[in-house]
Amino acid sequence: MKTILVQPYGYCFGVRRAQRIALEAAKTEPVYCLGSLVHNELAIRELAAQGVRTIQENGPDLAPLLELAPKGSLILFSAHGHDKALESQAHDLGLRYLDATCPYVQANIEFGLRWKGSIAYIGTKGHAEAEAFCRNVHPLAFFDAKSGELVYAHEGSLQGVIAQTTLDTEDIDLGLKAIEEKYGPVRLLAGRCPATEQRQAAVEAALQVADCLIVLGSKTSSNSRRLLTLAKKKGKAGYLVLDLAELRRLDLSSFSTVALCSGASTSNEEVERCYAYLSSDSTRP
């Protein structure tokens, strides 16, 4: 069996930056992250071992989590963005905070604020990034990429559309079509980040020759699930696995060429372990 290692792989820039912020602070005191810093269980466990504790969210509203952090402690807003109103609430509760929002996510929010009241958004309802955008910008309309429907569309003059950074082009195109049916011709002002674009393009290229795609990532990771969707759209087999242990349980004997890729919240080391396994004789029947 031939194995194609799809590049780039491993943590994206935003994830590496968030981890660096968290671990640097944790050298001197415990850090409490509101929700998952990144969507990967292995990464969260590694962070916990180094003093970065996760206060798990039970829904899109992060405000209740502030009440769970010890008074006077240092909290961390994750890479996915957050409602800026939480910062003043944290101060009122006697909490200090650090912001690990991905620069690309933050750029979309800031761009949306420039057009506040006249922007539509394409994203996944309930996803942390989409929630952060909507709570800060209050878009005129919202297209849910998961259900494929306009969740709401208020009356008003629409100046443009912004999309979640981890979507694929088909989701964005469907969203634009639905929004145009309501408001007329629109333009996409901002959307996928460079890491998302590069990974999706590389996976599509690999699927030209591979008959199976293996995505290393968490089922909670939006960008990982999107990569898996690319295989299904091309009628190819695809698997989403968290780590080498899950990969070992797959029967790959019927495939001639496997493409291995990773979501943006999977470590380089885990990818390389899995590539070494696939490239060895271990996968042969």
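The values are calculated or read from the model by the stated rules, or taken from the named source; none is laboratory data. Keep in mind it's a predicted model, so treat the numbers as computed, not measured. No Cβ is skipped: glycine too gets one built from the backbone with ideal geometry, and neighbour counts run over all protein chains shown.
Could you list all residues from region 260-285 that are under 20 Å from residue 208 (Cα atoms), within 21 Å of the chain's Cα centre (by Cα) and modelled with pLDDT of 95 or more?
260, 261, 262
Check residue 6 against each of (1) out of contact with any Leu (no Cβ under 9 Å at 6 or more places or on another chain); (2) of a type outside the set (Phe, Trp, Tyr); (3) assigned by TED's automatic domain parsing to the domain that holds residue 215 and name the one condition it does not meet.
Every condition holds for residue 6 apart from (1).
State all residues of region 236-262 that are touching a residue at least 40 places away in the same chain (Cβ under 8 Å), within 17 Å of residue 200 (Cα to Cα) and small (Gly, Ala, Ser); if no residue qualifies, say none.
Across region 236-262, the qualifying residues are 259, 262.
Out of the residues in region 65-112 that are within 21 Å of the chain's Cα centre (by Cα) and aromatic (Phe, Trp, Tyr), which is farthest from residue 129 (Cα to Cα)?
So the residue we want is 111.
For residues that are free of Cβ contacts under 8 Å to residues at least 24 places away in the same chain and outside any loop (DSSP other than H, G, I, E, B), scanning just region 113-151, find the one that is surrounded by the fewest Cβ atoms within 10 Å (Cβ to Cβ).
The qualifying residue surrounded by the fewest Cβ atoms within 10 Å (Cβ to Cβ) is 114.
Cβ-Cβ below 7 Å, separation at least six or inter-chain, first residue in region 152-164 and on the phi < 0 side of the Ramachandran plot, second polar (S, T, N, Q) and buried (at least 24 other Cβ atoms within 10 Å of the Cβ): which pairs?
Pairs that qualify, where the first residue is on the phi < 0 side of the Ramachandran plot and the partner is polar (S, T, N, Q) and buried (at least 24 other Cβ atoms within 10 Å of the Cβ), are 162/108.
Any idea which of 168, 173, 144 is among the charged types (D, E, K, R) and within 28 Å of residue 270 (Cα to Cα)? Full working, then the answer.
On the way: 173 fails: within 28 Å of residue 270 (Cα to Cα); 144 fails: within 28 Å of residue 270 (Cα to Cα).
One residue alone meets the criteria, 168.
Identify, from the list 167, 158, the residue that is assigned to a loop (DSSP other than H, G, I, E, B), crowded, with 18+ Cβ neighbours inside 10 Å and either within 21 Å of the chain's Cα centre (by Cα) or of a type in the set (Lys, Arg) (or both).
167
How many residues, within region 13-58, are within 14 Å of residue 78 (Cβ to Cβ) and in a loop (DSSP other than H, G, I, E, B)?
8
Only one of 89, 7 is assigned to a loop (DSSP other than H, G, I, E, B), in contact with a helix residue (DSSP H, G or I) (Cβ under 8 Å, 6 or more places away or on another chain) and either surrounded by fewer than 20 Cβ atoms within 10 Å (Cβ to Cβ) or in contact (Cβ under 8 Å) with a residue 40 or more places away in the chain (or both). Can you tell me which? Step through it out loud before you land on a result.
Numbers: 89 fails: assigned to a loop (DSSP other than H, G, I, E, B).
When all the criteria are applied, what remains is 7.
Let me spell it out: the conditions are (1) surrounded by fewer than 21 Cβ atoms within 10 Å (Cβ to Cβ); (2) over 16 Å from the mean Cα position of the chain (by Cα); (3) within 23 Å of residue 221 (Cβ to Cβ), and residue 47 meets all of them except one. Which number is the exception?
Answer for residue 47: the failing condition is (1).
Going by the structure shown, is residue 263 of a type outside the set (D, E, K, R), assigned by TED's automatic domain parsing to the domain that holds residue 207 and on the phi > 0 side of the Ramachandran plot? Can you show your working first?
Details: of a type outside the set (D, E, K, R): yes; assigned by TED's automatic domain parsing to the domain that holds residue 207: yes; on the phi > 0 side of the Ramachandran plot: no.
Judged against the criteria, residue 263 is not a match.
Return a yes/no flag: does region 194-209 have any residue that is surrounded by 16 or more Cβ atoms within 10 Å (Cβ to Cβ) and over 14 Å from residue 6 (Cβ atoms).
Step one: of region 194-209, the residues surrounded by 16 or more Cβ atoms within 10 Å (Cβ to Cβ) are 195-196, 199-200, 202-204, 206-207.
Remaining after also requiring over 14 Å from residue 6 (Cβ atoms): none.
No, the conditions are met nowhere in region 194-209.
As an exercise: evaluate residue 220 against (1) touching a Lys or Arg at 6+ places or on another chain (Cβ under 7 Å); (2) in the same structural domain as residue 251 (by TED's automatic domain parsing) and give the number of the one condition it does not meet.
Only one criterion is unmet by residue 220, namely (1).
Considering only region 189-285, give the helices (runs of 4 or more DSSP H) lying wholly within it that have at least 1 residues that are among the hydrophobic types (A, V, I, L, M, F, W, C) and more than 25 Å from residue 44 (Cβ to Cβ). Before you say what the answer is, go through the steps one by one.
Numbers: elements: 194-206, 222-233, 244-248, 268-279.
The qualifying helices (runs of 4 or more DSSP H) are 194-206, 222-233, 268-279.
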